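Following: one structure in structure tokens, then a few remarks.
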Amino acid sequence: MTIPEANRFSSLVGEIYDAAVDPARRGAALEQVAHFIGGSAVTILSRDAARLSIEIHQHYGLDSRFRELYRDRYVELDPLLDRHLDPAVEQTIGVADVMPYSDFVATSFYREWVEPQGAVDLATVTLERSRARTTILQVMRGRARGTVDDAMRERMRLIAPHIQRSRVMSRQIRARSHIVADLAEVLDRLSTAICLFDAEGRVVHANAACRQVLADGNLLAIAGDRIVARNTQADKIFRSLFDVGVDDGTGSSGRRKIELMTSTDGQHYLAHSFSLTHERSLQRDGVATVLFLQKAAMAPQLATAAIGAAFRLTPSELRVLMAIVELGGVPDIAARLGIAETTVKTHLGRLFEKTGAGRQADLVKIAAGFAAPFAQQADPNDLV
């Protein structure tokens, strides 16, 4: 390989790995692979170990009509494909390795599928093999270049490992991206506002509840890529929470702190922050500090259906219990629900009996144990 060819090969390898990160570049990378190898068309395909099906993953230079013909009919006539199901085969295989070329041109595979595409030969090399399936690189040789030669075989041998590693990298990146997306969805379903910051205080991620707090703008607001407090009291506490996250070498970064922050409209929030590991904090754009914000409420979001199921409460008893959590007094509950105070007292007695509580305060404690960590949509059955 000459120096210009070596430089071209190096550039191509870079393109192949770039395509693992950016799927939009796969087509262009495969086109360059075809030109480097000296092929008119390139296909990456898999066949299952039982020889029942094939899957075409990527292709260049292969018309859709011929892809369908290959998959539906001519795959069974391909003299090279099944050779790669043999674990001993690792090298590039050309038609001349399995049959006389004169016999090949007499086959219907050549006359009806290869030749109509302006090709005269093809070669394959194994990319990946598992117990379930084998993946190969298939390259067709155009009429202008003639049949497969040693130079083409060598170039296929050189490029195949890089294509395979790129495929492995792509799968790993996709898997990690799916995990990140799944975790983001999980965080969005939590009722607690969660915001992630890097070591310089920039916002890395905010879940749906945190984004809502920022959109309301009564406690915190977003300014550029940073969060700012909306009043002096909140700002002082907000800054102190991040001071806890600074590792001063004494191990204090592991200490957790909870503060009470008050918004401009008088709402109270519990703010809790802690730092992640020191190693992660050093990474640029990595998460260094996590902030949790939870609105302090007399009646937090409760899993009412779970409470009812746990103590076998009737709908009326459950409504009274929720009213006790929110209002407390019998007269207020009766007025809210539009029922007599004696009816409220009857339901209250049944609640004591079913839950084992001795007073209303105990009922509130029991209900608080069913606080839902996830955001809930309003349910008419839950309203008191």
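The values are calculated or read from the model by the stated rules, or taken from the named source; none is laboratory data. As the structure is a prediction and not an experimental result, all values here were calculated from the model. Note that we place each Cβ from the backbone using ideal geometry, even for glycine, and neighbour counts take in every protein chain shown. For the accessible areas, the whole protein counts, side chains as well, though only heavy atoms, and no ligand, DNA or RNA atoms are used. Shrake-Rupley method; radii C 1.70, N 1.55, O 1.52, S 1.80 Å.
State yes or no: is S64 of a type in the set (S, T, N, Q), within 30 Å of the chain's Cα centre (by Cα) and either within 24 Å of R171 (Cβ to Cβ) or modelled with pLDDT of 90 or more (or both)?
no
Could you check segment 208-247 and list, in sequence order, the residues that are modelled with pLDDT of 85 or more, basic (K, R) and more than 12 Å from C195 (Cβ to Cβ)?
Hits for segment 208-247 are R230, K236.
Looking at segment 75-89, I want the residues that are modelled with pLDDT of 85 or more and have a partner that is among the β-branched types (V, I, T) and part of a helix (DSSP H, G or I) with Cβ atoms under 9 Å, at least 6 apart or on another chain. Which pairs are those?
Qualifying pairs under 9 Å: P79/V95; L80/V95.
Which ones in segment 340-370 are open to solvent by 60 Å² or more (accessible area, probe 1.4 Å), farther than 23 Å from A306 by Cβ and of a type outside the set (D, E)?
T342, K345, T346
I need the full set of residues from segment 55-76 which are under 19 Å from G118 (Cβ atoms), assigned to a helix (DSSP H, G or I) and open to solvent by 50 Å² or more (accessible area, probe 1.4 Å), in order please.
Of the residues in segment 55-76, the ones under 19 Å from G118 (Cβ atoms) are 59-70, 74.
Retained after the next criterion (residues that are assigned to a helix (DSSP H, G or I)): 64-70, 74.
Residues satisfying the conditions are S64, R65, R67, E68, L69.
Taking the residues in segment 7-54 that are charged (D, E, K, R) and free of Cβ contacts under 8 Å to residues at least 60 places away in the same chain as candidates, determine which candidate is surrounded by the most Cβ atoms within 10 Å (Cβ to Cβ).
Result: R26.
Return the pair list, or none, for Cβ contacts closer than 7 Å from residues in segment 323-346 that are over 17 Å from K365 (Cβ atoms) to residues that are in a loop (DSSP other than H, G, I, E, B), at least 6 apart or on different chains.
I333/L327; A334/A340; R336/L327; R336/V384; L337/V384
Considering only residues that are of a type in the set (S, T, N, Q), crowded, with 16+ Cβ neighbours inside 10 Å and touching a helix residue (DSSP H, G or I) at 6+ places or on another chain (Cβ under 7 Å), which ones fall in segment 108-146?
Q117, T124, T126, T134
Could you say which residue among T250, T264 is at pLDDT 80 or above, farther than 25 Å from L183 by Cβ and part of a loop (DSSP other than H, G, I, E, B)?
One residue alone meets the criteria, T264.
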